[in-house]
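Remarks on the structure that follows.
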Amino acid sequence: MREELSFSYGEGRYKIFVTAVITADGVSATITGGDKPHVGGMAMSIPRPGGTSGKTACDTWIIPVPGHKDHEVASQASRLICLQTGMTAAVTAGIHIDQARPEEIALVVQNCHKAAELLCHKVSRGQCQGDGSLDTL
């Protein structure tokens, strides 16, 4: 199995673009946006048994690009995808908004989280169409 999915979430300067490749046992996603999309950080999360709780947990490795904080978005997204789908998740992120105020950064981070949730929904429900479409929830 190999599916590709592309969609966006948000509006204007705060729009986030997601491109993902979904395989039988993993998700590789790129999250970009803003005035200057780039590669700013990476994270990979691998599922593991959660101990006595019986829930799935995950281990996460992070690779930041010096001077960037995009690894924080990548880490949050990879953990969410891993925990929600039970699959290995690798996420590369790079979002830059010129002279962003704290509330703008918060909105971008929120949009990244919502976009990752939408990706999880598509993967978990087997709704990847391979045509770049995104069904509404």
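Data overview
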read-out: Among the candidates P102, P37, P49, P64, residue that is more than 15 Å from L119 (Cα to Cα), touching a helix residue (DSSP H, G or I) at 6+ places or on another chain (Cβ under 7 Å) and either at pLDDT 95 or above or not aromatic (F, W, Y) (or both); value: P64
read-out: So A43, is it of a type in the set (A, V, I, L, M) and either touching a helix residue (DSSP H, G or I) at 6+ places or on another chain (Cβ under 9 Å) or free of Cβ contacts under 8 Å to residues at least 12 places away in the same chain (or both); value: yes
read-out: Criterion: more than 16 Å from S124 (Cβ to Cβ) and charged (D, E, K, R) - qualifying residue of R13, R79; value: R13
read-out: Residue count, region 79-98 (criterion: out of contact with any His (no Cβ under 9 Å at 6 or more places or on another chain), at pLDDT below 95 and polar (S, T, N, Q)); value: 1
read-out: Subset of region 46-75 (residues that are assigned to a loop (DSSP other than H, G, I, E, B) and surrounded by 10 or more Cβ atoms within 10 Å (Cβ to Cβ)); value: G50, V65, H68, K69
read-out: Matching residues, region 76-92, being out of contact with any Ser or Thr (no Cβ under 7 Å at 6 or more places or on another chain) and either surrounded by fewer than 18 Cβ atoms within 10 Å (Cβ to Cβ) or within 20 Å of A106 (Cβ to Cβ) (or both); value: Q76, A77, L80
read-out: Top-ranked residue in region 1-19 [being farther than 14 Å from C112 by Cα and aliphatic (A, V, I, L, M); ranked as modelled with the highest pLDDT]; value: L5
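For (1) over 12 Å from the mean Cα position of the chain (by Cα); (2) in a strand (DSSP E or B); (3) farther than 25 Å from P66 by Cβ; (4) not hydroxyl-bearing (S, T, Y), each residue gets a yes or a no:
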{"residue": "R79", "(1), (2), (3), (4)": "no, no, no, yes"}
{"residue": "D98", "(1), (2), (3), (4)": "yes, no, no, yes"}
{"residue": "E103", "(1), (2), (3), (4)": "yes, no, yes, yes"}
{"residue": "A106", "(1), (2), (3), (4)": "yes, no, no, yes"}
{"residue": "V109", "(1), (2), (3), (4)": "no, no, no, yes"}
{"residue": "H113", "(1), (2), (3), (4)": "no, no, no, yes"}
{"residue": "A116", "(1), (2), (3), (4)": "no, no, no, yes"}
{"residue": "C120", "(1), (2), (3), (4)": "no, no, yes, yes"}
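The values are calculated or read from the model by the stated rules, or taken from the named source; none is laboratory data. Please read all numbers here as calculations on a predicted model, not as lab measurements. When we count neighbours, we look across all protein chains shown, and the Cβ atoms used for this are built from the backbone with ideal geometry, even at glycine.
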